[in-house]
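Novice: Below you'll find the structure I mean.
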Amino acid sequence: MLKPMAWLGGVLVMAAMSISMASGALAHDVRTDALRIAHSFATPTPPGAENGAAYVDITAFSDPVTLIGASSPASNNVELHNMQMDGDMMQMRHVDEIHVEAGETISMRPGGGFHLMLLGLTEPLKEGERFPLTLTFAEQGDVDIEVWIQSAQEGSEAADGHHH
């Protein structure tokens, strides 16, 4: 009689783990009628760091979309930024919007291009943790996502794996 009960307990634990993992996967890949936001991640910060960076992939479906803002309880402010080479100097600049054409994907990655600058972190970003982030689009308003904190290499490799 104990063996069937132990087996049932194991099945229930496995089912709960599957549901938990599925809900985490859903939070990590958000779709609306207009767009898909895939593999959002942020890189860890050292203790005392005031700012951090987050990255997402944004795919526009049949119509273009424009990211016009973001916010998170993980920081006092979130700005849209672009890093580009200006001669032999890497320059980081605030941008008012990030436009994604219909059928295209903007892939944010560490080391250059678009990213979300987390200004005034409320606490250091620790690898393995997660935090909520709200992206605001001109065409449809707010989209809530969950950002995973991963090393730059791990986050980039995992994100790139979503598109193969």
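The values are calculated or read from the model by the stated rules, or taken from the named source; none is laboratory data. Treat the numbers as computed from the prediction; the structure is a model and nothing was measured. Neighbour counts run over all protein chains shown; Cβ positions are idealised from the backbone, glycine included. Just the protein is used for accessible areas: all its heavy atoms, side chains included, with ligands, DNA and RNA removed. Shrake-Rupley method; radii C 1.70, N 1.55, O 1.52, S 1.80 Å.
Novice: Does segment 47-164 come out rounded, prolate or oblate, given a ≥ b ≥ c as the square roots of the eigenvalues of its C-alpha gyration tensor, rounded meaning a/c under 1.5 and, failing that, prolate meaning a/b above b/c?
Specialist: Since a/c stays below 1.5, the shape of segment 47-164 is classed as rounded.
Novice: L119 versus E139, label points 7 Å from Cα toward the beta carbon: distance in nm?
Specialist: Each label point lies 7 Å from its Cα, and together they span 2.8 nm.
Novice: Given H placed 1.01 Å from N in the peptide plane, which residues other than close sequence neighbours of L125 have an amide H under 5 Å from its amide H?
Specialist: Excluding prolines and chain starts, which carry no amide H, the hits are T45.
Novice: Order 107-113, 49-55, 87-93 from most to least packed using the mean count of other Cβ atoms within 10 Å.
Specialist: Highest to lowest by the protection proxy: 49-55, 107-113, 87-93.
Novice: Net charge within 13 Å of E146 by Cβ-Cβ distance, Lys/Arg positive one each and Asp/Glu negative one each, not counting E146 itself?
Specialist: Taking every Cβ under 13 Å from that of E146, the sum is -2.
Novice: Now a separate question. Compare the peptides 130-137, 41-48 by average per-residue count of other Cβ atoms within 10 angstrom and give them in order, highest first.
Specialist: Taking the mean over residues of other Cβ atoms within 10 Å, the ranking is 130-137, 41-48.
Novice: Moving on to the next point. Out of residues 5 or more away from A53 or on other chains, whose amide H comes under 5 Å of its own, with H placed 1.01 Å from N in the peptide plane?
Specialist: T43, L118
Novice: Taking segment 67-126 as the region of interest, what is the percent of Cα-Cα pairs per 10 angstrom bin, listed from the shortest bin to the one with the maximum distance?
Specialist: Spelled out bin by bin, segment 67-126 gives 20, 46, 29, 5 percent.
Novice: If you roll a 1.4 angstrom probe over the protein chains with everything in place, what fraction of the accessible area of segment 27-111 belongs to carbon and sulfur, to the nearest %?
Specialist: 47
Novice: Between N76 and F61, what is the spin-label point distance in nm, taking each point 7 Å from the Cα along the Cα→C-beta axis?
Specialist: Those two pseudo-labels are separated by 3.9 nm.
Novice: Something else: With Cβ to Cβ distances under 10 Å as the rule, what net charge do the other residues near P47 carry (K, R +1; D, E -1)?
Specialist: 0
Novice: What net charge is computed for the residues neighbouring N82, neighbours being all others with C-beta under 13 Å from the C-beta of N82, Lys and Arg scored +1, Asp and Glu -1?
Specialist: -2
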